[in-house]
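Novice: Right, I'll just put the structure down here and ask away after.
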Amino acid sequence: MKSRIKFGRWETVALITNLICMQVFLSFPRFMLETAATAGWMETLYLSVLILLAFAVISRLYKPVEGMDIVDIGKYVGGAPGRVVIGIVFFSYAVFAASIILREFSENMKTIAVPNSPLSFISLFFIAAMIMSAYIGIEAIVRLHSMVVPIILFGLAVILIASCPYYKIDNVLPFWGNGPRQTFIDSMPKVSHFSGIISILIISPFIGRQKTFARAGYSALILSAIIMILSCLCYMLMNPYPVAIRSFLPIYSMAREISFGRFIQRGEPIFVFIWAASGMLYLSAVFYFALLMVKKAFNLEYIRPLIIPLGIIIFTLSFLPQSLMTVIDIEVKYFRTYVWILVIALPILLLSLATFKRKRNKEVRKCQN
């Protein structure tokens, strides 16, 4: 599939980075400390190495099918049934992710900013942003990421740097936390925290050559790894374990402690701005990806008639869990534990089959000649 719209390296990096690092503004630092204790930052480093190795395999296998997205690859491997199955699988993934994150952001916004507003009223603002972005299109969504993500990263850097006076190096001890097995063996499924990397196989027709695909992927993963490692480490330096696992929103709790004399105290406004911006960008991108997947799966000509119905579906699904704790439980036990099968194992399998099929076709053509 060829596209007239082309995204540069930074635009692709900005999109993937936000899709991965958005969770930093939710509960990611706390999740890491809950399982690895004081080695939470080390566990994040280890998971970063794993995802880089996995992407190296994906990037290498992608070269023979350059220009195809994940649905095109499914069609190349399995024909029309393969296209439909892969399209539905990743459509379901995008809808599930959007509904879970929508509920989390709405609940957190109610807690920290507008406690007296109904939850459904808050969610409607996020839904409106998703719908408007879908009408504008993928190009506007990605270009907006390239402009806003630097501001988000700058705001996060301000919070982490301004919190330096509260850091205590003793908080990283004991060095191995709950032990090497917990940190390096039991944590392997948590590579799902980098599930946003699948977006590069969704927008691949807009990227161009395989070299750009690889460079953008590696750059986004390295930048995301640095952000996630620093967020865990800084949060832990500021809050000793096990006190650190009691915080509802780790980065928000850090922003609240910022104080520079009498006139600059508490950094919640910075957090709320970058937090809301990151959430809206994430939801807009994932919402559009869901539309794109169903469009390609069923060879639809237009996606605009699907925008509002899909928005209603995601809004409804986000309210199915009874409480925020139920949502977090679903995310931790299922989404962040098993989604690596869809975003890492399945693409590697499809790309391997596509590479094998292309080589076999070349051999058949040589024999015929």
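Novice: Please identify every one of the chymotrypsin sites (Phe, Trp or Tyr not before Pro) in region 266-369 that sits in a loop by DSSP and has no more than 13 other beta carbons within 10 Å of its own beta carbon.
Specialist: F298, Y302
Novice: Now a separate question. Along each of its three principal axes, how wide is the spread of alpha-carbon positions in region 150-196, in whole angstrom units, largest first?
Specialist: Computed over region 150-196, the largest-to-smallest principal extents equal 35, 33, 7 Å.
Novice: So how strong a dipole does region 186-326 carry about its Cα centre when Lys and Arg Cβ are +1 and Asp and Glu Cβ are -1, to the nearest 20 debye?
Specialist: My answer is approximately 280 debye.
Novice: Can you check what the Kirkwood hydrodynamic radius comes to for region 100-244, Cα pairs only, in Å to one decimal?
Specialist: Value: 18.8 Å, from the Cα pair sum.
Novice: Assigning unit charges at the beta carbon (Lys, Arg +1; Asp, Glu -1) and nothing else, what dipole magnitude in debye, to the nearest 20, does the chain show about its Cα centre?
Specialist: That gives a dipole near 1500 debye.
Novice: Quick one: divide the alpha-carbon radius of gyration of region 306-369 by 2.2 N^0.38 Å and tell me what you get.
Specialist: 1.97
Novice: Can you pull the one-decimal nm distance between simple spin-label points at R181 and E34, each 7 Å off the Cα toward Cβ?
Specialist: Each label point lies 7 Å from its Cα, and together they span 2.2 nm.
Novice: Suppose R0 equals 30 Å. What FRET efficiency, 1/(1 + (r/R0)^6) with r the Cβ-Cβ distance, do T337 and R304 give to the nearest 0.05?
Specialist: Using R0 = 30 Å, I get an efficiency of 0.25.
Novice: What percent of all Cα-Cα pairs in region 215-295 falls in each 5 Å bin, counting up from 0?
Specialist: Once binned at 5 Å, the Cα pair distances of region 215-295 give 3, 12, 14, 18, 20, 14, 10, 6, 3, 1, 0, 0.
Novice: Run down the aspartates and glutamates and flag those whose C-alpha is under 18 Å from the C-alpha of K333, throwing out any fewer than 8 positions away in its chain.
Specialist: Partners found: E34, E43, E104, D186.
Novice: Here is a follow-up. Could you check how much of the accessible area of the chain is carbon and sulfur, as a whole percent, using a 1.4 Å probe?
Specialist: Carbon with sulfur: 67 percent of the solvent-accessible area.
Novice: Something else: Based on DSSP H assignment, which helices of the chain show an axial Cα extent of at least 15 Å together with a mean Kyte-Doolittle hydropathy greater than or equal to -0.5?
Specialist: What comes out of the filter, once short or polar helices are dropped, is 9-21, 40-62, 70-112, 119-136, 138-162, 210-238, 268-297, 304-318, 346-368.
Novice: For region 102-236, calculate the relative contact order in percent as a whole number, restricting contacts to Cα pairs under 8 Å that are 6 or more residues apart.
Specialist: Reported as a whole number, the value is 16 percent.
Novice: While we're here: Quick check for you: with a 1.4 Å probe and neighbouring chains kept, what is the accessible area per residue of region 154-312, in Å²?
Specialist: 45 Å²
Novice: A follow-up question, please. For region 265-332, restrict the atom set to alpha-carbon positions and state the Rg and Dmax in Å.
Specialist: 16.0, 55
Novice: Once Lys and Arg get +1 and Asp and Glu get -1 on their Cβ, which of P165, A214, M236 lies farthest toward the positive end of the dipole of region 145-240?
Specialist: A214
Novice: Based on the Cα atoms of region 181-262, what semi-axes does the equivalent ellipsoid have, where each is the square root of 5 times one gyration tensor eigenvalue, given in whole Å with the largest first?
Specialist: In descending order, the three semi-axes are 33, 19, 10 Å.
Novice: Can I ask one more? Quick check: from the Cα gyration tensor, does region 228-369 come out rounded (a/c under 1.5), prolate or oblate?
Specialist: prolate
Novice: Residue farthest toward the positive end of the dipole of the chain, with Cβ of Lys/Arg at +1 and Asp/Glu at -1: which of T316, F273, V89?
Specialist: Result: V89, furthest along the dipole toward the positive end.
Novice: Show me, bin by bin at 20 Å from 0, the whole-percent P(r) of the chain based on Cα pairs.
Specialist: 29, 57, 13, 1, 0
Novice: Among S259, S123, S99, which one shows the biggest mean-square fluctuation in a GNM of the chain, springs joining Cα atoms closer than 10 Å?
Specialist: Taking springs between Cα atoms under 10 Å, the residue moving most is S259.
Novice: What's the local net charge at G137, with K and R +1, D and E -1, over the other residues with C-beta under 11 Å away?
Specialist: +1
Novice: When the chain is fully extended, how far beyond the present Cα-Cα distance does V57 get from A128, taking 0.36 nm per residue of separation?
Specialist: Gain on extension, V57 to A128, equals 21.7 nm.
Novice: Taking trypsin sites (Lys or Arg not before Pro) that fall in a DSSP loop and have at most 14 other Cβ atoms within 10 Å as cut points, what is the longest piece of the chain between them?
Specialist: 7-167
Novice: Considering amide H positions built from the backbone, and no H for Pro or chain starts, which residues 5 or more places from S259, or on another chain, come under 5 Å of its amide H?
Specialist: Here the answer is R266, since their amide H atoms fall under 5 Å of that of S259.
Novice: Here is a follow-up. With only alpha-carbon atoms in the gyration tensor, what are the semi-axes of the equivalent ellipsoid for region 1-87, in Å, largest first?
Specialist: 32, 17, 14
The values are calculated or read from the model by the stated rules, or taken from the named source; none is laboratory data. All of these numbers come straight from a predicted model, not from anything done at the bench. Glycine gets a Cβ as well: all are built from the backbone with ideal geometry, and neighbour counts include every protein chain shown. Each accessible area value is taken on the protein alone, full model and side chains, heavy atoms only, with ligands, DNA and RNA left out. Shrake-Rupley method; radii C 1.70, N 1.55, O 1.52, S 1.80 Å.
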